[in-house]
Amino acid sequence: MAHVLIVDDEPFICENLQRILEEENYRTQLAFDGQSALKLVEKESPDLVLLDLRLPDMNGLDVLRTIKEMDPEIFVIIITGYASVESAVQAIKLGAYDYIKKPFKADVIKLIVRLALEAQGLRKEVNYLREHKSRFHDEIVYRSETFSRVLGQAREVARHGDTTVLIMGESGTGKEVIARYIHAMSPRKNKPFMAVNCAAFPGSLLESEIFGHEKGAFTGAVQKRAGLFEAASGGTLFLDEVAEMDLNVQAKLLRVLEEKKVRRLGSTRLYDVDVRIIAATNKDLQKAVRDGRFREDLFYRLNVFPIVIPPLRERPEDIMALAEFFMKHYARKFGKDFQKIGSDAEELLTGYSWPGNVRELKNTMERICIMHNSDTLRKDHLPAELLPSRVKDDLQAAVINIPFPEEGLRLDDILDQVAASLISEAVKRAGGNISLAARLLGIPRGTLRYKLDKYGITLN
């Protein structure tokens, strides 16, 4: 509910404006002089001020100037019966949103106030996005039936704009991408989407980020600031890594979810909030509840509609779709020629376990496009960490069965035979490239050269 402060020395005008605005469900307060108005601005932080120019104790333009110094985000509309071109121009220069003359019609007041509050909301959203803009939001790229089911769940819950969602999955699986998708498909899509990583802030700072604070609420709070609940009004608030939230902040979040009201740090005023909460975690929240690190009541509040995103290794069909997408994106960005992925590179990409999931794959493609250039991405373009894992998987698939003779054996001889066989295979796979063969075996180049000589293995 928007809060409007009406400042006029005529009680009849104040009461008339109050009646008009309360018909539109705005919260209103009255002040009959400049000093009273400024005290209310400092204490209550209204969203909008309707300000008369002629007040008994102060010039309205001085009041306007002081309000803007106290909080530049407050919108001010000048309403006066003594309008002139000069005073209108001066008011606009000082930051007034609009300037209208008495007598006024109720419909005009309603329209101007609505437009002012809409403009204020857009300004807050733009300012927040400028502060928190992300570098690159992934499109949703997939081929697997597994991920198709995840999107189906997201589309279904998106239609219900108030339902709380808990997204679970390993780091890098795309939890924020799904959260943004839910918002974009929901009735709230034209309102703000605000995101915060709960692991990025210590407790007190996270509390200020989410709930906002008043001037002087803590050391460094030099001016009042709305929190994310207010900034996301009408839209979606995404709480990433919610398991990292400390218990004190969890308790306050639970209260907001129950009461639909938020109190800034250092304030006694409650602000109405209308947001959908989407939380995400890469931890086992039920275990965190058992361990006493996460509130059970908050878990049930968040776990209304759970969505589990499988790791990339469990949906291998998506690996090449994503790899091609990221390769082409970064090739365009860095002016490279990559158009396709060769079969040798594809084998390694699909065989790797991707512990960092989509984020690791994206970063890998970015690094390749920075370091290399070709029309085809080949295996020698891939970073070293992709290679040993693939060899290990291949070796596990081809278990060496060595019968144990009754008379016993010489272990050193058997180990030498196995080592020689593996080194020969690594050299073959590396095409005679000793550096690549050493990486495949996970040993230094010097050690490999020594063993090549020892076992009489050539690079041809």
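We did not get these values from a lab; they are worked out from the coordinates using the rules stated. For clarity, every value in this text was computed on a predicted model and none was experimentally measured. Using ideal geometry, Cβ is built from the backbone for each residue, glycine included, and neighbour counts are taken over all protein chains shown.
Could you work out the equivalent-ellipsoid semi-axes for region 312-385, taking the square root of 5 times each eigenvalue of the Cα gyration tensor, largest first, in whole Å? Please report the intermediate quantities before stating the final value.
Details: eigenvalues 68, 30, 24 Å².
Those come to 18, 12, 11 Å.
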Counting other beta carbons within 10 Å of each residue's own, what order do Met365, Met168 fall into, fewest first? Met168, Met365
For the pair Arg313/Thr458, report the inter-label distance in nm, with labels modelled 7 Å from Cα in the Cβ direction. 4.0 nm
What three numbers, in Å, describe the spread of the alpha carbons of region 145-308 along their principal axes, ordered from the longest? 53, 39, 26
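So if I take the alpha carbon set of region 151-239, get Rg, then get Rh from the Kirkwood formula, what is the Rg over Rh ratio? Please list the in-between numbers first.
Details: Rg = 15.0 Å, Rh = 14.3 Å.
So for region 151-239, dividing Rg by the Kirkwood Rh gives 1.04.
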At a Cα cut-off below 13 Å, give the aspartates and glutamates reachable from Lys175, other chains included and same-chain residues fewer than 8 away excluded. Asp138, Glu139, Asp240, Glu241
Reachable aspartates and glutamates from Lys336, criterion Cα separation under 15 angstrom, eight or more residues apart if same chain: Glu324, Glu366, Asp375
Distance in nm between Asp344 and Thr163 label points, each 7 Å along Cα→Cβ, equals 5.0 nm
Kirkwood-based Rg over Rh for region 3-131 (C-alpha set), two decimals? 0.94
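Using the Kyte-Doolittle scale, which helices in the chain average at least -1.0 and also have C-alpha atoms spread 24 Å or more along the helix axis, with helices defined as whole DSSP H runs?
Numbers: long enough: 106-132 (39 Å, -0.04); 317-334 (27 Å, -0.08); 411-429 (27 Å, 0.35).
Correct list, ordered by number: 106-132, 317-334, 411-429.
For region 146-189, report the translational diffusion coefficient in µm²/s to the nearest whole number, using Stokes-Einstein at 25 °C, 0.890 mPa s, and a Kirkwood Rh over Cα pairs. Numbers along the way, then the final one.
On the way: Rh = 10.6 Å.
Answer from the Stokes-Einstein relation: 230 µm²/s.
For the chain, take N as its residue count and report Rg(C-alpha) divided by 2.2 N^0.38 Å.
Details: Rg = 31.7 Å, N = 460, 2.2 N^0.38 = 22.6 Å.
Against the empirical 2.2 N^0.38 Å value, I get 1.40 for the chain.
Quick check on the chain: of the DSSP beta bridges with both residues there, what percent are antiparallel, nearest 5%? Don't skip to the answer; put the middle values down first.
Values: 6 of 43 bridges.
Once the DSSP bridges in the chain are tallied, antiparallel ones form about 15 percent.
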Apply the Karplus parameterisation 6.51 cos²θ - 1.76 cosθ + 1.60, with θ equal to phi minus 60°, to every residue of region 291-297 and state each ³J(HN,Hα) to the nearest whole Hz, in sequence, with x for glycine and proline. 7, x, 9, 9, 5, 5, 5
